[in-house]
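Novice: Structure below; questions to follow.
The values are calculated or read from the model by the stated rules, or taken from the named source; none is laboratory data. Every value quoted in this text rests on a predicted model; they were computed, and no experiment measured them. Cβ sites come from the backbone with ideal geometry, for glycine too, and all protein chains shown count toward neighbours.
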Amino acid sequence: MRQTILILLLFFIAFLTISETLYGQSLIHQESIECQPTYGHYWRSDKWGWYGARKVVRTPTEAREILEKFFMLHRGIKIVRIRESAWFFEAEIINRRGVVIDLVLIDKRTGRIRSKF
């Protein structure tokens with residue numbers, strides 16, 4: 001009799017443990033998990049609409065043109081070097097003295113611009 005009760009008790013504990021795990025996993029698959037955006041949020045800009053949004057960038061020349069439009073009011077800066085990665089372009093921005101003031105990333109798929117720092 002004691003063995004039967006012990007076996008039933010162990011079975012019940014095992015069942016509760018497994019059912020909690022399965023229930024938790026089913027909730028994860030049903031709900032969408034919200035993640036932080038990689039390139040920040042969209043912000044309206046009077047210079048160029050949404051800053052670089054919704055424009056595929058294929059070449060470093062296109063990336064340079066986008067940055068020149070974006071920074072056209074800042075006369076004391078230059079876009080020196082643009083490096084290409086798998087998913088984005090990285091542009092080096094310098095001031096009049098030749099000091100690097102920012103590294104800017106331009107997403108190839110969306111054209112979104114953000115600072116690397």
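Novice: Report, by residue number, each residue of region 72-114 that is polar (S, T, N, Q) and either surrounded by 14 or more Cβ atoms within 10 Å (Cβ to Cβ) or closer than 22 Å to THR59 by Cβ (or both). Please lay out each step first, then the result.
Specialist: Within region 72-114, the subset polar (S, T, N, Q) is 85, 95, 110.
Scanning region 72-114 gives SER85, THR110.
Novice: Read through the list (1) surrounded by 15 or more Cβ atoms within 10 Å (Cβ to Cβ); (2) at pLDDT below 90; (3) of a type outside the set (Lys, Arg), then give the number of the only condition that ALA63 fails.
Specialist: Failing condition for ALA63: (2).
Novice: If GLU90 satisfies all but one of (1) assigned to a helix (DSSP H, G or I); (2) at pLDDT 90 or above, what's the number of the condition it fails?
Specialist: (1)
Novice: Now a separate question. Tell me which residues, restricted to region 104-115, are in a strand (DSSP E or B) and over 11 Å from ILE79 (Cβ atoms). So that I can check it myself, show each step before the final result.
Specialist: First, the residues of region 104-115 that are in a strand (DSSP E or B): 104-107, 113-115.
Hits for region 104-115 are LEU105, ASP107, ILE113, ARG114, SER115.
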